[in-house]
Amino acid sequence: MDVYDSPMKASTRQMRAVHDIAATGGNFQNDVLTFYQQWAENYDKDMGPSHYGGPAFGAEALNKVLTDKSALIVDCASGTGKVGEELAKHGFKRIHAVDFSQKCLDISASKKVYERLICDRLGSNKIKGIEDGYYSAVICVGAISVGHLSCDVFPEWNRIVKKGGYIVFTRSKLIFPDKQLTSALDEIQSAIDDLIKKGVWEVVDIVSFDDSFCVGYGCDVYTIRRSRKCPQYVPRALQPYTNPTMDASDSPKNASLKHIRVIHDLANAGGNTQDEIQALYQQWAESYDKDMGPSHYGGPAFGAEALRKVLTDKSALIVDCASGTGKVGEELAQRGFKRIHAVDFSQKCLDISASKGVYEKLICDRLGSNKIKEIEDGYYSAVICVGAISVGHLSCDVFPEWNRIVKKGGYIVFTRSKLIFPDKHTSVMDEIQSAIDDLIKKGVWEVVDIISFDDSFCVGYGCDVYTIRRL
């Protein structure tokens, strides 16, 4: 039996009315809003469980993949809160609601399942008050349908959900046969397919219901994982810092730049470079924090912020490689991370780090092709290394050791310097970039994000901050 021939109970008549509004064209969103404002008081009675199984189907789909009951979820096109009630039954505690009908939201509020209610339209616009990557999951039941929401809402879902988070939505199968609205649903399906093909969305599950979704018609329930990958990633050519009026080598000879220039000169001279650079850092340790203050060296804050965006567990075990005097550790502690280890080859730098009280453990050892002493395979949830992937410091031979000590699925955040003194060393940086590209191509590393700074990283030059997931 086609829906159009079903008994015209209230729920079916209301669905038919919404489709009729959409078919007339014009400013139908305002008309649909007015319609829902009028229907709000009777909605729960008309759309009871026997008429509308969608909220239970959507909540169950999300429950299967989202194990953290304290994760922040947003219910888009939340209506009178039926999805929120179902999520609460599954034990979810932090749910926000977005809907364009204030009357529907007022009814939702009375059910006490939502932490926050936002009255705003859903579509190509940005939802007010929601930052990028704010939610662990988006759920939208019943609204991806003719006369409701279309595919223009997908970019906004991608913006507000964390990379690696979930998007659960239903795609209606209902089409009233006398209205030529099939093209709208075709457009929606094409947009879904395109996001999957481009690697922005990863399909976790699709469950199809032939009836029982809403007044006798069916739907597909999509469970999508927002990819952690950076689909726009393109292997990067070397981008040395340049200034129209002043090359880095001609910059004012402040203490920080002079020390960095000495390190480059040591690397250029050859010989036992690492011993000489270690001796330099031993001598520099006492004045390092003064020379490399925030106005000269923004790198620690950039790296710590990149890790904060992806690592939500503040008790996760992190190792700060080439930790120096503990500036990265301080930035991590400011963001609430509690368990941080430090590895550096300068005992004097580690002694200064110890006085800051941000590290749980200090390890004096070199970083490179060697195994770091005392660290087992897969020991850390994240590796962070700021300022050291550069000429005269660390090279790509450290990457296998990072891959060994971080858990699979864990994160590696590091900076890649753009500073090249004009006399030497482009080949070293080319080798580093080639190694990065190779690990991504082989599927050992997955790019979550790359942020490029043209200056403010260190004494006026830039860097790329890589956030990598270890596969």
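The values are calculated or read from the model by the stated rules, or taken from the named source; none is laboratory data. Remember, predicted model here, so these are calculated numbers, not experimental data. Cβ placement follows ideal geometry from the backbone for every residue including glycine, while neighbour counts extend to all protein chains displayed.
Residue count for region 279-308, restricted to those that are at pLDDT 90 or above, surrounded by fewer than 21 Cβ atoms within 10 Å (Cβ to Cβ) and either in contact with a strand residue (DSSP E or B) (Cβ under 9 Å, 6 or more places away or on another chain) or of a type in the set (A, V, I, L, M, F, W, C) (or both): 1. At least 1 residues being within 19 Å of residue 204 (Cβ to Cβ) is the threshold, and among the strands (runs of 3 or more DSSP E) wholly inside region 52-160 those reaching it are 72-76, 135-144.
Here region 83-120 is the region considered, the condition is being within 21 Å of residue 150 (Cα to Cα) and touching a helix residue (DSSP H, G or I) at 6+ places or on another chain (Cβ under 7 Å), and the residue that is surrounded by the most Cβ atoms within 10 Å (Cβ to Cβ) is 83.
One residue stands out in region 309-328 among those that are of a type in the set (Ser, Thr, Tyr) and within 27 Å of residue 160 (Cα to Cα): the one that is modelled with the highest pLDDT, namely 315.
Could you grab me the full set of residues in region 339-365 that are part of a loop (DSSP other than H, G, I, E, B), more than 13 Å from residue 320 (Cα to Cα) and over 32 Å from the mean Cα position of the chain (by Cα)?
346, 355
Residues that are assigned to a strand (DSSP E or B) and at pLDDT below 90 within region 386-416 comprise 387, 388, 389, 394, 415, 416, listed in sequence order.
Please determine whether any residue of region 344-354 is basic (Lys, Arg), at negative phi and at pLDDT 90 or above.
Looking for residues that are basic (Lys, Arg), at negative phi and at pLDDT 90 or above, one finds none in region 344-354, hence no.
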